[in-house]
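The values are calculated or read from the model by the stated rules, or taken from the named source; none is laboratory data. As the structure is a computational prediction, the values presented were derived from the model and not from experiment. In this analysis, Cβ positions are derived from the backbone assuming ideal geometry, glycine residues included, and neighbour counts consider all displayed protein chains. The area values use the complete protein model at the heavy-atom level, side chains included, leaving out ligands, DNA and RNA. Shrake-Rupley method; radii C 1.70, N 1.55, O 1.52, S 1.80 Å.
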Amino acid sequence: RPITARNIESIITLSRPFHSGRRVIMQGRSTVSRQFENLIFQKTEPGVQLEFNYGLPIPGQCRVPESGLEFRTTLVESIACADSATTPGTSRAVLDVTSLPGALSVRSRHPGDRYGGPRHRKVKKMLIDAKVPLSARSRVAVVVAGEVVIWIPGFKPAKQYIARPDSGRCVLLEARPLTETSHF
């Protein structure tokens, strides 16, 4: 279908500062969206939020096909057993075993999720600051203890769950890309 002058004006408006996260619905079920510094032209509207929830025992593992990741937990005797696992951008985290329930869950993010519980930073804001595109956010897997988000791969764990030098036994949590033959 033809693109109208109104469509072009709307797209130009999207290219102005402070319009990230907005979109214009065009004729023929196509959209133009602004994701940070990029304009994304799509033939159909962006996908809906994926809903998933998998149990993650300690120790144990689970596959999360929606995010393309496999998660594994291992008990280690001390934080020294898992060097440099809590640096940002990593696929590993070392958690204090006494701060965790008997099992964890890996699920899709929910509206209003906060990293570390109430009165902490919103997960949505963290993903925006990390420049995770809107279209990829529905596939983000979050690790939760009860209903509290404690870790997202690529970020540091929530403060109150990070293992300290005096923690003793710890949980090493790893996320790896899911492949047909992936086994830890």
If you scan segment 125-146, which residues turn out to be in contact with a strand residue (DSSP E or B) (Cβ under 9 Å, 6 or more places away or on another chain), in a loop (DSSP other than H, G, I, E, B) and open to solvent by 40 Å² or more (accessible area, probe 1.4 Å)? 131, 133, 139, 146
For segment 36-60, which positions are at pLDDT 80 or above and more than 30 Å from residue 76 (Cβ to Cβ)? 36, 37, 38, 39, 40, 41, 51
Contacts under 7 angstrom Cβ, first residue in segment 107-120 being closer than 14 Å to residue 150 by Cβ and open to solvent by 60 Å² or more (accessible area, probe 1.4 Å), partner outside any loop (DSSP other than H, G, I, E, B) and not aromatic (Phe, Trp, Tyr), 6 or more apart: 114/122; 114/123; 114/149; 120/114
I'm checking my understanding of the structure. Among residues of segment 120-172 that are under 16 Å from the mean Cα position of the chain (by Cα) and of a type in the set (Ser, Thr, Tyr), which one is nearest to residue 40 (Cα to Cα)? 135
So if I check each of 98, 179, 90, which one is β-branched (Val, Ile, Thr), under 29 Å from residue 35 (Cα atoms) and either at pLDDT 95 or above or more than 14 Å from the chain's Cα centre (by Cα) (or both)? 179
Condition first: part of a loop (DSSP other than H, G, I, E, B) and either at positive phi or exposed (fewer than 14 other Cβ atoms within 10 Å of the Cβ) (or both). Now tell me which residues in segment 150-174 satisfy that. 154, 164, 165, 166, 168
